[in-house]
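S.K.: Okay, handing you the structure first.
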Amino acid sequence: MPETPASFLIGLIGAGIQASRTPGMHMLHVRVAVEDSPAPPSIRRSAVRLVGLVLAIIPVFAGFLPVLFDRRRRGIADMMAGTVVVYGSTSAEPAPTVAAPPAPSSR
């Protein structure tokens, strides 16, 4: 059975919510996280961020101007939702630490 555009869009949105990133964000190794926490945003925070994106776009994309001046590169949507974009991360879990190999013994 062929997939309809609506079902594809619903699946894409569902996958984005579950992974807290879009396919483009996945390719660039970025994700959205709660401010001061590695946890992905809740559905409520995601909805607030979506509303913030719409509000950022309405005044000729002026809501994205803070990205140029904010140290953490947050736009209006991220400020409203209390989220940050985490760069270079492949998952919500912190990277496991790898034990260093044993030092060579001098005999």
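Rule-based calculations on the coordinates, nothing more; no lab input. Because the structure is a prediction, the values reported are computed rather than measured. Counting neighbours? That spans all protein chains shown, and the Cβs are built from the backbone with ideal geometry, glycine included.
S.K.: Within 11 Å, Cβ to Cβ, of Ala77, how many net charges do the neighbouring residues add up to if Lys/Arg are +1 and Asp/Glu are -1?
M.R.: Combined, the nearby Lys, Arg, Asp and Glu give +2.
S.K.: Still on this structure: Quick one: what are the phi-derived ³J(HN,Hα) couplings along the stretch 53-63, Karplus 6.51/-1.76/1.60 with θ = phi - 60°, whole Hz, x for glycine and proline?
M.R.: Along the stretch 53-63, the couplings run 5, 4, 5, 6, 7, 3, x, 6, 6, 5, x Hz.
S.K.: Given the Cα atoms of the stretch 27-83, and with Rh set as the inverse mean 1/r over their pairs in the Kirkwood sense, what is Rg to Rh to two decimals?
M.R.: 0.97
S.K.: Please turn the phi angles of the stretch 28-39 into ³J(HN,Hα) values with the Karplus equation 6.51 cos²θ - 1.76 cosθ + 1.60 (θ = phi - 60°), one per residue in order, whole Hz, x for glycine and proline.
M.R.: Result, ordered by residue: 8, 6, 10, 8, 9, 9, 5, 4, 6, 7, x, 6 Hz.
S.K.: If amide hydrogens are placed 1.01 Å from N in the peptide plane, which non-local residues have theirs closer than 5 Å to the one on Val86?
M.R.: Arg31, Val32, Ala33
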